[in-house]
Every structure is written in structure tokens, then in C-alpha cells.
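The values are calculated or read from the model by the stated rules, or taken from the named source; none is laboratory data. Quantities reported herein were computed from a predicted structural model and do not represent experimental measurements. Here the Cβ positions follow ideal geometry from the backbone for every residue, glycine too, while neighbour counts run over all protein chains shown.
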Amino acid sequence: MSELRELSPSRLAWLRFRRHRLAILAACFLVVLYTLAAFCEFISPYTPEQRNVRAINAPPMDIRFVDAQGQFHFRPFVYDLKLTINPDTWMREYEEDSSTPYPLRFFAKGVPYELWGLVPAERHLFSVDPRGPGYIHWFGTDSLGRDMFSRVLYGARVSLSIGIVGVGLTLFLGILLGGFAGYLGGIVDSVVQRITEVLQSIPTLPLWMALSAALPTAWSPITTYFGVTLILSLFGWTTLARQVRGRFLAMREEDFVVAARLLGANDSRVIFRHMLPSFSSHIITTATLAVPAMMLGETALSFLGIGLRAPVVSWGVLLQQAQNYQVIVMTPWLLLPGAFIVVTVIAFNLLGDGLRDAADPYSSLSEK
Amino acid sequence: MSQLLKVTDLCKSFAGQGVVKSVSFDVNESTTLGIVGESGSGKTSLVRSILRAIDPDSGSVRYNSREGWQNLNELSAKALLPLRREIQMIFQDPFASLNPRMTVQAILEEPLIIHGLGDKSWRKQRVAEILEKVQLDASSASRFPHAFSGGQRQRVGIARALILEPRLVVCDESVSALDVSVQAQILDLLASLQSELGLTYLFVAHDLRVVREFCDDVLVMYAGSIVEQGPVAEIFENPQHDYTRLLLSAIPSPDPDEKLEPLDREGLLLE
């Protein structure tokens with residue numbers, strides 16, 4: 001007889017989550033993206049402000065293994081770009097010059113930087129020898145000749161972290177206020193409910209705009225960052241607070257909670273040992289699904305020019321350059337940050353779906 | 001036999017609607033008092049008011065604790081804490097009354113932790129003892145409630161109520177959610193624990209056959225008031241109140257040929 005093993009609820013949830021292939025994929029993608037964002041100084045070949053005047057509005061460069069003569073090289077390389085001005089249209093046109101390959105170097109010294117603003121370093125994951133004339137712009141450059149790949153990575157750090165920090169604040173406010181309302185009931189409940197109703201009845205975008213416009217322009221980039229996060233989460237907590245309140249109200253009468261109180265457990269024990277764990281999975285799911293909303297909020301504000309401002313780099317700030325239709329025709333690679341936003345938002349939604357199914361004890365364990 | 005509990009003029013209303021109306025009764029130590037009545041007659045509100053799971057509006061609940069008589073109704077939540085060790089409750093629903101996220105070990109240990117009793121190894125040993133007492137396997141301790149059947153869960157619920165060595169145990173419909181054969185096992189267990197530990201039970205039920213079997217005294221409730229109380233034999237043999245007669249007439253017979261003919265509710269003067 002095979003031995004019967006006892007599976008804990010969290011283990012069962014993990015088994016259910018594993019069935020959700022898309023959610024696993026999304027989780028892996030997000031882990032990679034967050035790692036890239038965390039080490040963006042090391043991974044990007046340039047700093048976001050560095051200009052390359054020889055490559056203004058340059059298109060994305062191909063990283064090659066096979067040269068023009070059809071020969072395979074073990075070390076990848078890029079070809080130089082040759083700028084020509086089209087005499088008819090006066091447009092800058094770049095052409096690959098296959099006579100001068102620039103080999104890529106890995107973990108080599110390049111532009112000096114400070115990792116997380118603390119650790120001075122100068123090695124980059126990949127680069128082209130900065131002492132020579134070569135350069136590498138995998139995602140092309142913008143109108144000032146700044147490397148888009150580096151800027152997208154630096155922007156990822158801001159955009160992705162604003163989602164997490166904002167949701168953290170939202171969760172804190174939502175659980176605290178919703179918990180108070182649900183557990184204490186009475187007048188506290190009424191006050192929180194009325195505030196929630198008022199906040200939910202105001203259209204968010206105009207309100208964000210009004211508040212963001214009130215942020216002093218003299219604020220440092222980091223203060224503005226937290227200001228914007230605060231604005232986004234001040235209006236995001238209401239839905240979660242409602243849910244937490246409902247759960248608390250229902251759970252207060254739950255037999256095992258009454259049992260704990262009759263055993264003499266104090267309020268904090270009842271809340272933290274019995275009530276919160278029973279819907280922590282629900283909270284995690286809600287939080288995961290709230291991250292993309294937060295990111296989209298930041299992007300929307302920055303795109304409209306009232307959220308984060310240059311020199312801060314975020315995906316929304318990067319997209320400001322793509323506001324006119326000329327960009328779409330002539331330098332479509334400036335839209336790449338938009339693609340990152342779309343993919344990240346989709347990934348978060350898929351992950352949230354997977355978590356929701358995993359948290360539901362009644363969803364099937366079998367293959368779908 | 002000494003008195004353990006003395007309830008006087010207990011009242012509780014919800015939204016102006018009286019649910020428990022001036023109820024008084026006494027309970028002697030090591031006896032079982034059955035509380036019967038139809039759904040909505042106020043049985044559960046009555047025992048929950050005694051336990052202070054809900055706060056009664058007026059009246060007194062005097063309890064003869066190890067430190068002498070105390071009025072539970074007047075004590076603050078803090079002063080009530082030591083008495084929580086002496087008065088415990090066994091719930092109706094064996095599924096809802098156990099936290100699904102805690103192992104049996106954690107569930108049974110919690111009362112000891114709350115009351116600051118013993119160290120880790122002592123608590124572990126105590127849990128093993130109590131599991132044996134309710135006839136559960138020692139290996140149950142590491143399992144989660146969802147791995148047990150209803151009867152086994154109810155045993156865990158009983159173990160949780162008994163681990164603090166209480167004197168008064170309130171059983172709120174504790175066997176009505178179980179099927180009949182399991183009911184008998186649980187009742188046997190409760191009876192043997194009573195004779196072993198000298199427990200006093202407040203036994204809320206709507207199944208009169210169970211009450212006749214299990215209780216010494218019985219208290220019949222209707223619409224928040226007590227209509228009749230006395231020893232089980234007396235009440236069952238010679239009911240005085242119409243409502244009690246109605247209840248007794250509604251007990252189905254084990255003989256399938258015998259037709260159940262409950263008394264006509266309309267024909268009785270219940271108020």
C-alpha cells in the first residue's frame with residue numbers, strides 16, 4: 001500500500017497553480033523583467049542620459065553571428081551604421097556598413113556607474129569597446145541619440161517599482177481601513193463606507209490630473225515619484241477596503257472565530273491568526289491584479305506630462321516622445337516602451353488569474 | 001450536589017425583538033441540562049449570552065467558579081479570561097468550527113498558548129493525551145481538519161473544549177450535524193468524559209430522543225421563554241404545557257408503520 005501523505009493547504013494551492021501554464025510563464029517573465037530592472041545599470045551598455053551624436057534617431061541594430069561573407073563568428077558583433085542624408089526628402093537614413101564590425105565584449109569595463117546609486121562599478125553585461133568608434137544600440141536611439149535599450153531598462157525600474165510600492169500602500173490602507181470597518185463596525189464602519197463611496201464616485205483621471213498638477217515642479221525627481229505613488233494609491237484602496245470589510249463582517253460570525261474568542265483569544269490574535277490567514281490568498285490575488293492598474297495609472301499621468309518628468313526615466317515618460325504620428329512612421333522603435341507596458345500588464349493579469357484559481361480550494365486539481 | 005450555574009432573568013433582544021425573555025434556571029454540578037425548542041426559540045442566543053459570546057441586555061449569570069461565585073454578566077473581558085478556562089463550548093458544525101489553515105496540533109495547542117500554560121514539549125504531550133481521551137490517533141496531530149470525517153472533526157472540537165479542563169461545557173447542537181451512528185458514538189464519548197471528569201453539560205438540542213437519552217433535566221423553550229422545566233423522566237412522561245406535548249407528539253417512531261400524527265399547532269394555546 002502506498003503511503004498516504006498529508007498535504008497542507010498551501011501545498012495544494014501550489015499544485016493547483018502549477019497546472020496553470022500561462023500563469024507560470026507569466027511569473028517567469030516577470031521574475032526576469034524585475035531582475036533586469038533591479039540590475040539595469042549593469043545590464044544596459046550605457047547610462048540613460050548618455051548621448052551618441054553620431055547616431056541620432058538610429059534604428060535598432062542587429063546583433064549578428066554571421067558576417068557579410070557568410071562566415072560564422074563565435075563572438076557576436078554589430079556593424080557600424082553609416083549616416084546618409086536623403087537628398088530628396090532630407091531625411092536621415094542609416095545604412096549598415098559591413099566593412100567595420102564591432103565585436104561585443106561581455107563583462108568588460110565600460111561607462112562607469114553606481115549600482116543602486118551606492119556601489120561604484122564600471123563593468124557591463126555587454127558593450128562595445130568605448131575607446132573605439134563603435135557603439136551598440138539594440139533598440140535604436142531617440143532624437144537626442146540616447147540608447148533606447150538602456151532607457152527602457154532604467155524606465156522598467158521606475159515603472160515596475162511604482163506598481164509594487166503603490167500596491168503595497170494600497171494594501172496597507174485597504175486592509176487597515178477595511179479591517180477596522182469590518183471588525184469594529186458601528187460608527188467607524190459608517191465613516192469608512194461614506195469615504196469609500198465619495199472616492200469611488202469621483203472619476204479617477206481628472207482627479208489624478210488635478211492632484212498631480214498640484215505637485216510642486218520644484219520637487220526632486222524622487223519626491224515626485226513618491227508623490228505620484230501616493231496619489232495613485234490614495235484612490236486605489238477603496239475596492240480592497242470594501243472586500244476586506246465584507247470578509248471581516250462575514251468571518252466575525254464564523255464558528256472557528258467565535259471559538260477562538262471563547263477560548264479567550266484577544267483581538268490581535270483573532271485577527272492575525274484566524275481571520276487574515278483565511279483570506280490572505282484572496283489579498284495576494286487582488287494585489288497582483290492591482291499592480292497593472294497602478295502601472296497604467298503612472299504611465300497615463302507621465303504620458304500626459306503631469307506624472308513623472310524628465311530626467312526621471314519611466315515607460316510613461318519614454319512614451320511622451322511618441323506622442324506625434326511622425327514617430328510612428330519614422331522612428332517606430334520609440335514605441336518599444338509601450339510594447340513592454342502591454343506585455344507586463346498581460347503577464348500580471350495572467351499571473352493574477354492563476355493565483356486566483358490556485359487560491360480557490362474548490363477549483364479542480366486535474367488537468368484542464 | 002452543589003450548584004454550578006444560576007441564571008436569573010436573562011434577557012436579550014435583537015433590533016427590539018425579544019429573543020430571550022427573562023429566562024431563569026439553575027444547573028447542578030456534574031449533571032446535564034437539556035435545552036430544547038424549535039428553531040428560533042432562542043436556545044442558541046440563550047447559551048451564547050451565558051458564554052458572553054454575545055452580551056445579554058439584562059439579568060445575571062452567576063457561576064460558581066473555583067474562586068467562588070461570580071456574575072459573568074458583570075465581568076470585563078479581561079476579568080472573564082480566567083473563567084474561560086472553566087467554561088467551554090462544543091459547536092454544532094464540525095466543519096466550520098475548526099480553522100482550516102491550522103493543523104490539529106495548532107488548534108488544540110491554541111487554548112494552552114492563550115492561557116500561557118506549559119512549554120512547548122509539555123503542550124505537545126498534553127495534546128497527545130487529549131487526543132487519546134477523545135479516541136483519536138496520535139498521528140492526527142500533524143493533519144489539517146480537511147483530512148477528517150465529520151465525526152472525527154467533532155472529536156477534535158471536543159478535545160479543544162476539554163484541553164483546558166473546564167467544568168461547564170456548552171454543547172450547542174453538537175451532534176445534530178452528524179449522522180445517527182456517529183451521533184451515538186459522540187454521545188457515548190461525552191457521557192464517558194462526564195463520568196471521568198465530572199463535567200457539567202448544557203446540552204442544546206432539537207432532537208428529543210437524544211435529550212431523553214442523554215440529559216438529567218430538561219428545559220423547554222418557546223419564543224424566548226421557558227415554558228416547562230424539570231427532570232427528563234417527568235417531562236417526557238407527563239408534559240404539562242401544550243407546547244411540550246406538541247414537541248413530544250412530533251417525535252417520529254422507529255416503527256415505519258406507525259403514522260406520525262403531530263398535534264395541531266393552531267388548536268393549541270401557546271401564549
**Asked** Applying the selection to region A:178-235, what residues are touching a Gly at 6+ places or on another chain (Cβ under 6 Å) and hydrophobic (A, V, I, L, M, F, W, C)?
**Response** A:L215, A:V228, A:L232
**Prompt:** Only one of (1) surrounded by fewer than 23 Cβ atoms within 10 Å (Cβ to Cβ); (2) outside any helix (DSSP H, G or I); (3) at pLDDT 85 or above; (4) within 16 Å of the chain's Cα centre (by Cα) fails for B:M89. Which number is that?
**Reply:** (1)
**Request:** Being surrounded by fewer than 19 Cβ atoms within 10 Å (Cβ to Cβ) and of a type in the set (D, E) is the filter; apply it to region B:100-130 and report the residue that is farthest from the chain's Cα centre (by Cα).
**Result:** B:D119
**Item:** Residues that are out of contact with any strand residue (DSSP E or B) (no Cβ under 6 Å at 6 or more places or on another chain) and either more than 14 Å from every other protein chain (Cβ to nearest Cβ) or assigned to a loop (DSSP other than H, G, I, E, B) (or both), drawn from region B:45-64
**Value:** B:R52, B:A53, B:I54, B:D55
**Message:** I want to confirm something. Restricting to region A:248-257 and keeping residues that are within 14 Å of chain B (Cβ to nearest Cβ) and out of contact with any Asp or Glu (no Cβ under 7 Å at 6 or more places or on another chain), which single residue is farthest from A:G182 (Cα to Cα)?
**Reply:** A:F256
**Item:** Residues satisfying the stated conditions in region B:136-184, i.e. away from chain A (no Cβ under 12 Å), in a loop (DSSP other than H, G, I, E, B) and either among the hydroxyl-bearing types (S, T, Y) or over 29 Å from B:Y63 (Cα atoms) (or both)
**Value:** B:L136, B:D137, B:S149, B:S176, B:L178, B:D179
**Fill in**
By my count, helices (runs of 4 or more DSSP H) wholly in region A:125-230 with at least 3 residues that are touching a Lys or Arg at 6+ places or on another chain (Cβ under 6 Å) are A:148-184
**Subset of region B:14-27 that is out of contact with any strand residue (DSSP E or B) (no Cβ under 6 Å at 6 or more places or on another chain) and not hydrophobic (A, V, I, L, M, F, W, C) - its residue that is nearest to B:V220 (Cα to Cα)** = B:G18
**Complete:** Exactly one of B:S97, B:S30 is among the hydroxyl-bearing types (S, T, Y), surrounded by 16 or more Cβ atoms within 10 Å (Cβ to Cβ), outside any strand (DSSP E or B) and within 14 Å of another protein chain (Cβ to nearest Cβ), and that one is B:S97
**Message:** Suppose we keep only residues that are surrounded by fewer than 21 Cβ atoms within 10 Å (Cβ to Cβ) and closer than 30 Å to B:P166 by Cβ within region A:273-308. Which one would you say is farthest from the other protein chains (Cβ to nearest Cβ)?
**Reply:** A:L276
**Elements of type helices (runs of 4 or more DSSP H) in region A:1-92, at least 2 residues being over 21 Å from the mean Cα position of the chain (by Cα) and within 30 Å of A:V345 (Cβ to Cβ)** = A:9-18
**Prompt:** Would you say A:G140 is within 30 Å of the chain's Cα centre (by Cα), assigned by TED's automatic domain parsing to the domain that holds A:V342 and buried (at least 18 other Cβ atoms within 10 Å of the Cβ)?
**Reply:** no
**Message:** Looking for something buried (at least 20 other Cβ atoms within 10 Å of the Cβ) and either under 15 Å from the mean Cα position of the chain (by Cα) or under 22 Å from B:I90 (Cα atoms) (or both) - is there at least one such residue anywhere in region B:233-245?
**Reply:** no
**Message:** Criterion first (touching a Phe, Trp or Tyr at 6+ places or on another chain (Cβ under 7 Å) and either in contact (Cβ under 8 Å) with a residue 40 or more places away in the chain or β-branched (V, I, T) (or both)) does A:L125 satisfy it?
**Reply:** yes
**Request:** For residues that are part of a helix (DSSP H, G or I) and facing chain B (nearest Cβ under 8 Å), tally how many sit in region A:258-272.
**Result:** 6
**Asked** Taking region B:100-116 only, how many residues are more than 10 Å from every other protein chain (Cβ to nearest Cβ) and in contact (Cβ under 8 Å) with a residue 40 or more places away in the chain?
**Response** 2
**Request:** Could you grab me the full set of residues in region B:33-44 that are small (G, A, S) and either in a strand (DSSP E or B) or within 14 Å of chain A (Cβ to nearest Cβ) (or both)?
**Result:** B:G34
**Asked** over 29 Å from B:V220 (Cβ atoms), in contact with a His (Cβ under 9 Å, 6 or more places away or on another chain), part of a loop (DSSP other than H, G, I, E, B) and not aliphatic (A, V, I, L, M), is that true of B:P82?
**Response** no
**Request:** Check region B:117-134 and report whether any residue there is in contact with a strand residue (DSSP E or B) (Cβ under 8 Å, 6 or more places away or on another chain) and away from chain A (no Cβ under 14 Å).
**Result:** no
